[in-house]
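A.B. asks: What follows is a single structure, and I will ask about it in a moment.
The values are calculated or read from the model by the stated rules, or taken from the named source; none is laboratory data. Note that this is a predicted model, so its numbers are computed, not measured. Note: ideal-geometry Cβ built from the backbone for every residue, glycine included; neighbour counts use all protein chains shown. What goes into the accessible areas is simple: the full protein's heavy atoms, side chains included, and nothing from ligands, DNA or RNA. Shrake-Rupley method; radii C 1.70, N 1.55, O 1.52, S 1.80 Å.
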Amino acid sequence: MPATTVIGTQWGDEGKGKILDLVADDADLVVRYQGGANAGHTVKVRGEQFVFHLLPSGVLHKTKLNLIANGVVLDPEALLAEIDELTGAGYALDGRLFVSGRAHVVMPYHKKFDQVREAARTVKIGTTSRGIGPCYTDKMARNGFRLYDVVDFERFRRKLAAVLPVKNKILQGAYGAEPIDEEEILAQFENFSARLRPFAADTGGMVRKALKEDKNVFFEGAQGTLLDIDHGTYPFVTSSNSCALGLPAGAGIPPQAAGRIIGVAKAYTTRVGEGPFPTEGDGALDEALRKAGDEFGATTGRPRRCGWLDGVALRYVSELNGLSAIALTKLDVLTGMNPIKVCTAYKIGGATHEDFPADTALLDGVEPVYESLPGWDDDLRGCHTFDDFPAAAKEYVAFVEKIAGVRASIISVGPGREETIVR
Ligand code: IMP
């Protein structure tokens, strides 16, 4: 049985949480493989709302196995808080959640470095302050703590004694920040070590075994392709490969095992944090979309920047990821807007570009070329099939499909699970 992978096609916040939860319905195994507690997936089930930062969305289905794979960076405090919240809500996770021992752990100084480095930058990135970048930096510098180093507490103690003095020297010397107390970390991590021990496993081996046994495996991406460290709008990106290309390394599977790749695309575009955003709306459009779409960050609560759909970026992202289909979300938010615009090309320095520029600096000078499509006034939230849509909404979907070069096989018209059309 081919696996299913769900990824974001924009700058994150595409409404993946709901699609993930929906697709995870058929899965035996749900695997999160990159990013960390910078992500925020909002899932609403039977009137209950959960926001997951680290846990795979399969945790709400009591029969599924959930894995946090090696490509994720783990904040033990955030992970344990989510485990406790779910256990308290009646979703016990023992025996159905495993975390890769290879996954790197976000240390208290990583969060501190995230803050002081951001404060020292003249051009800000607008990070989530969750320690993500510094943790991935240490992983690449071969200076990080893997979960295996934490669950063996004596090993943790020895390693911390070697690493922390250097971190404190940099914090104090380069940033004038307060040092971090070793005893405080030890006290906190003794508890984390004991509590996380039962969850540590070789998740890569578990996924490969499941694939061999023809189980239904579902890979859950976080953030979005335009935030990818290699293929996004660098340096205004996150520190992991958040497009589908990060899957094999992040989950420990061969590339061809990614299966069907569904790209989640919001019917318009949003971005949190700094960085170029060619279709960002002027005050009125930005405000109207934010209000209609309730566009505030699930992790930081920051207001999201909003604008029309960027077809140039979507075409690029679809090709880069080899998308099999898109899930078009929040189409209902466009109700009442007339006309609806989609950017189909960029004008840069007088020349027209249909390809997304690899040089981020070029994005600053973009004048978007828009195509105007007719809007609709009917409330889409009552539509249960594609045929129920008003003609203008059908036309809009067809236009997006043409740009993406693949079918919109899922269309979401409201936050509830039932407000979804699967074609
Ligand atoms: P970091 O991942 O905290 O280092 O933040 C880097 C950039 O990615 C910032 O612009 C964040 O706002 C953005 N970012 C990180 N995670 C997410 C996400 O899950 N959704 C949307 N934006 C994100």
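A.B. asks: Residues of the range 291-304 being more than 17 Å from Pro415 (Cβ to Cβ) and within 10 Å of the ligand (Cβ to nearest atom), which ones?
C.D. replies: Keep residues of the range 291-304 that are more than 17 Å from Pro415 (Cβ to Cβ), which gives 299-303.
Listed by number, the residues that qualify are Thr299, Thr300, Arg302.
A.B. asks: Now a separate question. Could you grab me the full set of residues in the range 176-200 that are in contact (Cβ under 8 Å) with a residue 60 or more places away in the chain, surrounded by 17 or more Cβ atoms within 10 Å (Cβ to Cβ) and within 29 Å of the chain's Cα centre (by Cα)?
C.D. replies: Across the range 176-200, the qualifying residues are Ile185, Phe189, Phe192, Leu196, Phe199, Ala200.
A.B. asks: So, one more: Here's a check for you: in the range 100-133, which residue that is within 17 Å of Ala39 (Cα to Cα) and among the β-branched types (Val, Ile, Thr) is farthest from the ligand (Cβ to nearest atom)?
C.D. replies: Among them, the one singled out is Val105.
A.B. asks: How about the range 261-284: which of its residues are open to solvent by 30 Å² or more (accessible area, probe 1.4 Å) and more than 16 Å from the ligand (Cβ to nearest atom)?
C.D. replies: Our first condition is that a residue be open to solvent by 30 Å² or more (accessible area, probe 1.4 Å); within the range 261-284, this holds for 272, 274, 280, 282-284.
Within the range 261-284, Asp282, Gly283, Ala284 meet the criteria.
A.B. asks: Which of the residues that make up the range 28-58 are away from the ligand (no atom under 15 Å from the Cβ), under 19 Å from Gly88 (Cα atoms), touching a residue at least 12 places away in the same chain (Cβ under 8 Å) and surrounded by fewer than 24 Cβ atoms within 10 Å (Cβ to Cβ)?
C.D. replies: The answer is Lys44, Val45, Glu48, Phe50.
A.B. asks: Which condition does Pro415 not pass, out of (1) part of a loop (DSSP other than H, G, I, E, B); (2) under 21 Å from the mean Cα position of the chain (by Cα); (3) surrounded by fewer than 17 Cβ atoms within 10 Å (Cβ to Cβ), if it passes all the others?
C.D. replies: Evaluating Pro415 over (1) part of a loop (DSSP other than H, G, I, E, B); (2) under 21 Å from the mean Cα position of the chain (by Cα); (3) surrounded by fewer than 17 Cβ atoms within 10 Å (Cβ to Cβ) leaves (3) as the failure.
A.B. asks: Are any residues in the range 134-154 surrounded by 15 or more Cβ atoms within 10 Å (Cβ to Cβ), part of a helix (DSSP H, G or I) and more than 10 Å from the ligand (Cβ to nearest atom), and if so, which ones? If you could, list the steps in order and put the result at the bottom.
C.D. replies: Of the residues in the range 134-154, the ones surrounded by 15 or more Cβ atoms within 10 Å (Cβ to Cβ) are 134-139, 144-153.
Subset that is part of a helix (DSSP H, G or I): 134-139, 147-151, 153.
Listed by number, the residues that qualify are Thr137, Asp138, Lys139, Leu147, Tyr148, Asp149, Val150, Val151, Phe153.
A.B. asks: Taking the condition crowded, with 23+ Cβ neighbours inside 10 Å and modelled with pLDDT of 95 or more, does Ala361 pass? Full working, then the answer.
C.D. replies: Numbers: crowded, with 23+ Cβ neighbours inside 10 Å: no; modelled with pLDDT of 95 or more: yes.
No: the conditions fail for Ala361.
A.B. asks: For Leu309, state whether it is within 15 Å of Thr269 (Cα to Cα) and not basic (Lys, Arg).
C.D. replies: Values: within 15 Å of Thr269 (Cα to Cα): yes; not basic (Lys, Arg): yes.
Yes: the conditions hold for Leu309.
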